[in-house]
Amino acid sequence: MDTPIYDFVNDYANGTSVRAHMPGHKGRALPDCGFGDAFGYDITEICGADALFEAKGIIRQSEKNASDIFGTSETIYSAGGSTLCIQTMLAAVCGRGKAFICARNAHRSVINACVLLDLEPIWLYPEYKKGSAVSGEISPESVEDSIISNMDKRPACVFITSPDYLGKIYGIKEIAEVCHKYDIPLLVDNAHGAYLAFLENNLHPIALGADMCCDSAHKTLPVLTGGAYLHTGDRMKISAEELKRNMSLFGSTSPSYLVMESLDLCNKYLAYGIRKDLSETAQRINALKARLSPAYEILDSEPLKLTVNALSCGLSGNDLAARLRERKVEIEYSDAAHAVMMFSVMNTEEDLDRIASAMESIPMPRIRIEPPDIDIMPLKRALSPAEACFSPKERVNTENSLGKIAAETVSVCPPCVPVVTAGEIIDENTIKILKIYSIFQVNVIK
Ligand SMILES: Cc1ncc(COP(=O)(O)O)c(C=O)c1O
């Protein structure tokens, strides 16, 4: 497996050319910079370096390597994370002003894309786990019901998030079959699941029948922050050029070469090294779960997440996260009930040992706390997300927002799952949930 982007930049970084081009650091770091070497590798679209949105050279070659490794029809890179891929996917598949079916536990970037493209999301509410606004169940039957009852709106696609924030993987294969029965493409936000392609049993959305998906490479693979893939499957007849044209509508014209180099270098690892490391890492995480499980209730999740129901041992998820922080363990996400850790092949055995010891040293009240009374319910929509977002707004106390139209999407952040989206009418239940998440002010339409 070659690494054309890294090789080109490495030669340039070690060459003698005077840099009479951007960026302004000229490959040199300021004194006392702890990461000085990186500057030499941070270049722009000089001759031979190709260009992400018009890639015909080393970037395109590297993307084709990634496509071969993942077994996709097309793979293109993003240096703007899954956020940019989500904007691109929705622009490419929906265009402007269309309707699409979207699982409600979507990331904020999906709602923002609706605003930018004036899309109308037809919400598909998961059966939420008790006490959670972020994770639930989406059955193929509920997808089919939604398709059938919204035929008149001609939904351009079905969009779901899998894995979700607590590590739940949805039934992509069965959901894809339903979508294909009605000739509707299935798009998956696989931001948390790039590594799924390298498990013994390939669980990547494209392998399971999704038509398009985004993977935040940076979330679960050894790639710099911002590095992501947009993949298509065989049924999706859309060229890389067309995808890139859409991506260029939203992305910076100066995508980071450091990020692209890290994606390029990662290909070699994905092709030759990751499977064995991943299998060992997954075994170690399983062992960690087993070691902790009598004391903590560990919920089912994808292999690289450890999701704890902290309530079962008398703590809130946020309390558990704070106690771990005191013990020098920083976790990915916590809420009133859950604490979620994310691992990758780069975590060492010692890391996992330290986590086990830290968790074992936390004194626990052991009085089971009931989950917060959260029941996410459908809301009435008065305006489209775009109309609401660009209307005059005012800030009011949450308790005074009853009956008003939300002028912004209010999310539980992280992980940015909307409680109310721009254009929806705030009801009593919404106010209750916002308060549970300590959101005491909201923007509403004037
Ligand atoms: C489910 C999900 N989708 C999309 C995103 C956006 O990904 P990125 O940070 O790569 O832009 C995130 C980020 O946390 C996420 O959790």
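Summary of values
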item: Amide H partners (placed H, <5 Å) of residue 136, local residues excluded; result: 129
item: Placed amide H near residue 411: partners under 5 Å, 5+ positions off or other chain; result: 419
item: Label-point separation, residue 327 to residue 399 (7 Å along Cα→Cβ), nm; result: 3.8
item: Estimated FRET transfer efficiency when R0 is 45 angstrom, pair residue 47-residue 139 (beta carbons, to 0.05); result: 0.25
item: Label point at residue 348 placed 7 Å out along Cα→Cβ; residues across the range 252-295 whose backbone nitrogen lies under 17 Å; result: 281, 284-285
item: Members of 393/435; 64/168; 380/435; 153/446 lying beyond 23 Å, as alpha-carbon distances in this model show; result: 64/168; 153/446
item: Centroid-to-centroid separation of the range 193-227 and the range 6-61 [C-alpha atoms, Å]; result: 27
item: Inter-part distance where the range 278-302 and the range 316-344 are each reduced to a Cα centre, Å; result: 15
item: Leading residue at positive end of dipole, the range 4-272 (Cβ point charges), from 123, 22, 218; result: 22
item: Of the trypsin sites (Lys or Arg not before Pro) in the range 112-182, those whose Cβ has at most 16 other Cβ within 10 Å and which sit in DSSP loop; result: 130
item: Sulfur and carbon atoms: percent of accessible area, the range 329-414 [1.4 Å]; result: 51
item: Within the chain, longest stretch free of exposed GluC sites (Glu not before Pro) [DSSP loop, at most 16 other beta carbons within 10 Å]; result: 1-199
item: Cleavage-rule hits, trypsin sites (Lys or Arg not before Pro), the range 29-121, DSSP coil, Cβ neighbours within 10 Å at most 11; result: 56, 96
item: Gain on full stretching of the segment that runs from residue 287 to residue 10 - 0.36 nm per residue minus C-alpha separation; result: 95.7 nm
item: In nm, spacing of pseudo-spin labels at residue 2 and residue 277 (7 Å Cα→C-beta vector); result: 2.4
item: Å² per residue, accessible surface of the range 100-246 at 1.4 Å; result: 34
item: Å² per residue, accessible surface of the range 385-445 at 1.4 Å; result: 42
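The values are calculated or read from the model by the stated rules, or taken from the named source; none is laboratory data. Since the structure is predicted, the reported quantities are computational estimates derived from the model, not experimental observations. Note: ideal-geometry Cβ built from the backbone for every residue, glycine included; neighbour counts use all protein chains shown. Surface areas here come from the heavy atoms of the whole protein model, side chains and all, with no ligands, DNA or RNA. Shrake-Rupley method; radii C 1.70, N 1.55, O 1.52, S 1.80 Å.
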